[in-house]
1. When ligands, DNA and RNA are left out and all protein chains stay put, how many square angstrom of accessible area per residue does segment B:20-305 have with a 1.4 Å probe?
2. Rounded to the nearest 100 Å², what's the accessible area chains B and A bury against each other, both chains counted, probe 1.4 Å?
3. If the elastic network links every pair of Cα atoms under 10 Å, which of A:Ser207, A:Ser26, A:Ser115 fluctuates the most in the Gaussian network model of chain A?
4. Using a cut-off of 19 Å between alpha-carbon atoms, which aspartates and glutamates can reach B:Lys139, once sequence neighbours fewer than 8 places away in the same chain are excluded?
5. Which angle from 0 to 90°, rounded to the nearest 10, does the C-alpha axis of helix B:211-237 make with the longest principal axis of chain B?
6. At a threshold of 8 angstrom on Cα-Cα distance, excluding pairs fewer than six apart, so keeping six or more, what relative contact order does chain B reach in percent?
7. For peptide A:89-102, what's the mean number of Cβ atoms from other chains within 10 Å of each residue's Cβ?
8. Can you give the average number of partner chain beta-carbon atoms within 10 Å of each beta-carbon in peptide B:183-193, as a whole number?
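The values are calculated or read from the model by the stated rules, or taken from the named source; none is laboratory data. Note that this is a predicted model, so its numbers are computed, not measured. Methodologically, a virtual Cβ is constructed for each residue, glycine included, from the backbone with ideal geometry; neighbour enumeration extends over all protein chains shown. Protein only, heavy atoms only, side chains kept; ligands, DNA and RNA dropped before computing areas. Shrake-Rupley method; radii C 1.70, N 1.55, O 1.52, S 1.80 Å.
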Amino acid sequence: MNPILRLDKVCKRFGGVIAADDVTFSVMPGEIHGLIGPNGAGKSTLMNLISGIYIPDSGSIFLDEKDISNVPSHMRARMGIGRTFQTPRFLQRSSIRDNLLLGTDLANQMGYLKSYFGKKGSNFEEELDRLMKYLDFTFDWEEDINGLAYGQRKQLEIVRSMLTHPKIMLVDEPAAGLNNKEIDDVMALLNFAAKQFGIGVLLIEHSMDMIMNICEDIVVICFGKVIAMGGPSKISCDEAVIEAYLGRDLDASNS
Amino acid sequence: MKKMKSYIKPSSFLIFIALAIFVALVPAVNQGYSMMILNLGLIYSIATYGLSVMLGLGGQLSFAAVSFMGLGAYFTANLCSGRLGFWVDTSLTLVLVLIISTVVAFLIGMILFRLSGTYFTFGTIGLVQVTWSFYLSYKPLFGGPDGISNVATLRIFGWSPVDYNQWFYVLVVIVLIVAILVERIRRSQLGRSLSAIRDNEIAAQTLGINVYMTKVIAFTIAGVLAALAGSLYAMHSQFVSSDMFTFERATSYIIMAMLGGVNNTFGVFVGSVLVTMLPEWLRGMQRYLQLIYGVGVILLMVFMPMGLAGLAGNFGKSIKRKLRSAAVKNAPAEKEDAK
């Protein structure tokens, strides 16, 4: 089986700052793959490189073995890359329904003309109901998106991304700002996406609980470089990883 | 999960009733000169609808409406006044205006949207100045400072409006069609994509929206509607001159949109009519008109940025809230709705 996403020696620098240095890893379909590292390591930059907001200086990115390194970001979205953001990006002045319909628009890809003449796409309400079963809150469609709490908006962003029927979802720190119950709900939702639909998930997270519980494979980034790759048990014992997160005991190494 | 509300809201019904009354009563009380002014308000609203697609939905501030109005107006004036040596039927001219403005607006949009944000806005200002200087000075096509007169009036299937009252009915029908078209855009994928571009361009890209082309499409729609307004203007007033297409005129369309509520289909109509009629109603205070206008715009932005429609919407929401709390007080035994 081919990896759904493959990075091959991807490099990106911004002036003097090397954000990505020879990064190579892959994500299989239906797999939840963790992307961890200390703050400023370059995780969000990698997400931006994969979704096309940045173009790599060198190296290649493959979606289902198709080279997308130079494909513009809106085309990558149409090819099946879904994305959520650290701070949810919604339409501030629109209803929740319109916000979520944006997701279905991408899944349907029927173009402006057909949509104008009322051609109906996938069954939006049914799908949404099914997804919302995993989450613990309800809402009124016509309400402003601002009426929802931060945690609810974060969860809704994942729902919107799933409505786009992606092949791979890039999920950026979903647990930040959520309480424990909500984190459990998100984990169930991501598992549902991966196991039921075969969606690959690349997950940036700082919450080790979530990472260790849900990820089959993890890649660790520090200062733009991959410093470790493997399953949860291997990563939690890896010296380089421990040093990156917890630091090295200088006294111990000197004595 | 609550079911999605159906399309027909009570407010739409109210609007329909208000419109019916408006159309029935107005010709009775209005004639001649003031009817002409009202007709102009209707014509301008067509251009303002185009502007609401660009600015309200797409969040792109464009002054280009007057350039395209001029395109429609002068094209019509040249073909329908015989000054080039031949006459073209006015209905055919309308169709030609629509076709040509689509092409021109598309091309200019493709160029202008190489710029983004404020730079795009300055691009449109530049466009307005360029077109206006042509409209003012190039005699062969635009009649120079004297403009073009003797433009034929609209003729459909052998019928022409004989006075401003009959023009009123024609324009109401056209404005209604345009309003419905624009409202449908708002509810379609194009409307949502434009709102996404307005509120969060990066997120829009990651949602598969081709930001550049979508902006160009919106610009084209705005341009076509403005050209249509220009063409109707030429046929209604039977005279076209360049002072209709100045930068100052361009700002008045933006104020029309903002006054009514740039994102509300009914509001655009109300705003256009009000801004056009106000100078007439305030005739007595001619000297203070500019002052009133200026102060009014400032107050509008501070207290009613969502325009009259926003005001009405807030009013409706506070009434709903009061009704809801009254219902809760009167029935404490009932289970409260889960939020």
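1. Per-residue accessible area for segment B:20-305 comes out at 42 Å².
2. 3400
3. Sorting by GNM fluctuation, first place goes to A:Ser115.
4. Of all the aspartates and glutamates, those that pass the test against B:Lys139 - Cα under 19 Å, at least 8 places apart if same chain - are B:Asp243.
5. Compared with the principal axis, the helix lies near 60 degrees.
6. 30
7. That works out to 5 on average.
8. Per residue, the average neighbour count from other chains is 6.
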